[in-house]
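Quick note: the coordinates plus some simple rules give every number you see, no bench work behind them. Computed from a prediction, not measured in an experiment: that's the story for all the values here. With ideal geometry, Cβ positions are generated from the backbone for all residues, glycine too; neighbour counts draw on all protein chains shown.
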Amino acid sequence: MKFLFAILMILTLCNSGCNNPFTAAERKIIGTGNDMMRVTTIDNEADSTLLRRTSRPLRKKDILSEEFTTLCRRMLSTVQNPENEGVGIAAPQVGILRRVVAVQRFDKPGEPFEFYVNPKIVEYGEEMEYSGEGCLSVPEQSGDVLRSQSIKIEYRDSNFDLRTEAIEGFTAIIFQHEIDHLDGILFIDRMDDDKEEYFEE
Ligand SMILES: [Zn+2]
């Protein structure tokens, strides 16, 4: 019993101290407070390399950490900043290669921003349409991208329980754009060359 108690004590201490969920470099970027973060952009060489990398999934202990709460709060300040307002943001856009995105839910009352951990698109609807896209990380560019009008996603909620949800319309487009960021894909990669020419003519 005493032995078990000792193990539990060590586990508890480890939870708060060792085995930190984020690396020292990530913690430095996440920082503290509520301010917006620097947005990584493709016109910066180091940022561009980072934006092309694949992000790592988050574990339960990561999302229960103070750093994760701070990261979400600051990502929200960033995407809601009047200077670079957006409808979604992915962690690589603030320099953190972790699988978390914020999406403005235009399909919900009040159009709130919500965070999705380890999001994955598990089903694409057959109906596809072009719509105009832009990105905080791709300055001064926009273009038409062909995307599914409905998707089914899987993600982890705040308890790290697995959830699935069907999403349609503009909100589904935002999810596809943001989840692409987690795999180093930008909307400009998906722009249809023929379509582009069509619009230029
Ligand atoms: Zn983007």
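Values as computed for the structure displayed
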| read-out | value |
| --- | --- |
| Förster radius 22 Å - calculated FRET efficiency between Tyr124 and Asp192 (Cβ-Cβ, nearest 0.05) | 0.85 |
| Label-zone membership for the stretch 75-111, site Ser142, 7 angstrom Cα→C-beta point, backbone N under 15 Å | 84-88 |
| On Cα atoms only, tilt of 2-16 relative to the major axis of the chain in degrees | 40 degrees |
| Extended-chain gain in nm, criterion 0.36 nm per residue less alpha-carbon gap, Phe170 and Leu97 | 23.7 nm |
| Table column - 3J(HN,Hα) (Hz), the stretch 43-53, Karplus curve with 6.51, -1.76, 1.60, x for Gly and Pro | 7, 10, 4, 5, 4, 4, 4, 5, 5, 8, 8 |
| Neighbour-count ranking [beta-carbon atoms within 10 angstrom, fewest first] of Glu154, Glu165, Glu45 | Glu45, Glu165, Glu154 |
| Distance histogram for the chain (every C-alpha pair counted, 5 angstrom bins, percent rounded to whole numbers) | 1, 7, 14, 18, 19, 15, 10, 6, 4, 3, 2, 1, 0, 0, 0, 0 |
| Glu154/Glu45 FRET efficiency (R0 30 Å; Cβ-Cβ; nearest 0.05) | 0.30 |
| Sum of -39500 (n - 2.57) over DSSP H runs of 4+, divided by residues of the chain (222 nm, nearest 500) | -10000 deg cm²/dmol |
| Theoretical FRET efficiency, 1/(1+(r/R0)^6), r = Cβ-Cβ of Arg56 and Asn84, R0 30 Å, to 0.05 | 0.75 |
